[in-house]
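Some notes on the structure that comes next.
The values are calculated or read from the model by the stated rules, or taken from the named source; none is laboratory data. Being a predicted model, the structure only gives us computed values, none of them experimental. Methodologically, a virtual Cβ is constructed for each residue, glycine included, from the backbone with ideal geometry; neighbour enumeration extends over all protein chains shown.
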Amino acid sequence: QVQPAESGGGLVQAGGSLRLSCVASGIVVRISVMAWYRHTPGTQRELVASITPSGTTNYADSVKGRFTISRDYAKTTIYLQMNSLKPEDTAVYYCAASRSGRDYWGQGTQVTVSS
């Protein structure tokens with residue numbers, strides 16, 4: 001079992017920045033891709049950014065140039081630096097960790113961007 005735990009959400013004005021963190025605990029050996037997703041009521045969960053153990057990253061078009069995903073050396077913690085935030089970035093942000101073909105999810109952290 002892998003238990004991702006997110007932190008760093010909050011309320012910020014449009015144009016501001018936030019940094020989310022996700023620490024994976026439990027059986028963390030051979031964790032492969034880690035990613036950030038977000039969800040707002042009435043929509044499908046959206047992939048925001050992902051990162052492989054080798055550092056290859058992938059971003060949703062809506063956040064390219066504004067968000068940066070990174071991963072620590074031990075590869076069990078990821079970060080999401082969010083700059084130039086927009087009201088449409090408001091969502092619950094979830095961390096996901098993949099291991100042995102299974103995805104593990106955190107409980108989410110709320111990000112609210114006021115206009």
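Report yes if some residue within the range 12-33 is under 14 Å from the mean Cα position of the chain (by Cα), not in a strand (DSSP E or B) and not hydroxyl-bearing (S, T, Y); otherwise report no.
No, because not a single residue in the range 12-33 is under 14 Å from the mean Cα position of the chain (by Cα), not in a strand (DSSP E or B) and not hydroxyl-bearing (S, T, Y).
Checking the conditions here, which among S25, S17, S32, S7 is at pLDDT 95 or above, over 20 Å from S115 (Cα atoms) and touching a strand residue (DSSP E or B) at 6+ places or on another chain (Cβ under 7 Å)?
On the way: S25 fails: at pLDDT 95 or above; S17 fails: over 20 Å from S115 (Cα atoms); S32 fails: at pLDDT 95 or above.
Going through S25, S17, S32, S7 in turn, the sole match is S7.
Kindly indicate the residue of the range 47-86 that is among the β-branched types (V, I, T) and assigned to a strand (DSSP E or B) and also surrounded by the most Cβ atoms within 10 Å (Cβ to Cβ) among those meeting that condition. Walk me through it before giving the result.
Step one: filter the range 47-86 for residues among the β-branched types (V, I, T), giving 48, 51-52, 56-57, 63, 68-69, 76-78.
Checking the rest, the ones that are also assigned to a strand (DSSP E or B) come to 48, 51, 57, 68-69, 77-78.
Working: V48: 23, I51: 21, T57: 14, T68: 15, I69: 22, T77: 19, I78: 26.
Checking each candidate, the answer is I78.
Test V111 against the criterion of being β-branched (V, I, T) and either surrounded by fewer than 21 Cβ atoms within 10 Å (Cβ to Cβ) or over 19 Å from G9 (Cβ atoms) (or both), and give yes or no.
Numbers: β-branched (V, I, T): yes; either surrounded by fewer than 21 Cβ atoms within 10 Å (Cβ to Cβ) or over 19 Å from G9 (Cβ atoms) (or both): no.
When the stated conditions are applied, V111 does not pass them.
Out of the residues in the range 20-46 meeting the condition of being among the aliphatic types (A, V, I, L, M) and either in contact with a His (Cβ under 7 Å, 6 or more places away or on another chain) or more than 16 Å from R102 (Cα to Cα) (or both), tell me which one is surrounded by the most Cβ atoms within 10 Å (Cβ to Cβ).
Kept after step one, since they are among the aliphatic types (A, V, I, L, M), are these residues of the range 20-46: 20, 23-24, 27-29, 31, 33-35.
With either in contact with a His (Cβ under 7 Å, 6 or more places away or on another chain) or more than 16 Å from R102 (Cα to Cα) (or both) added as a condition, the list becomes 20, 23.
Working: L20: 22, V23: 16.
Among those that are among the aliphatic types (A, V, I, L, M) and either in contact with a His (Cβ under 7 Å, 6 or more places away or on another chain) or more than 16 Å from R102 (Cα to Cα) (or both), it is L20.
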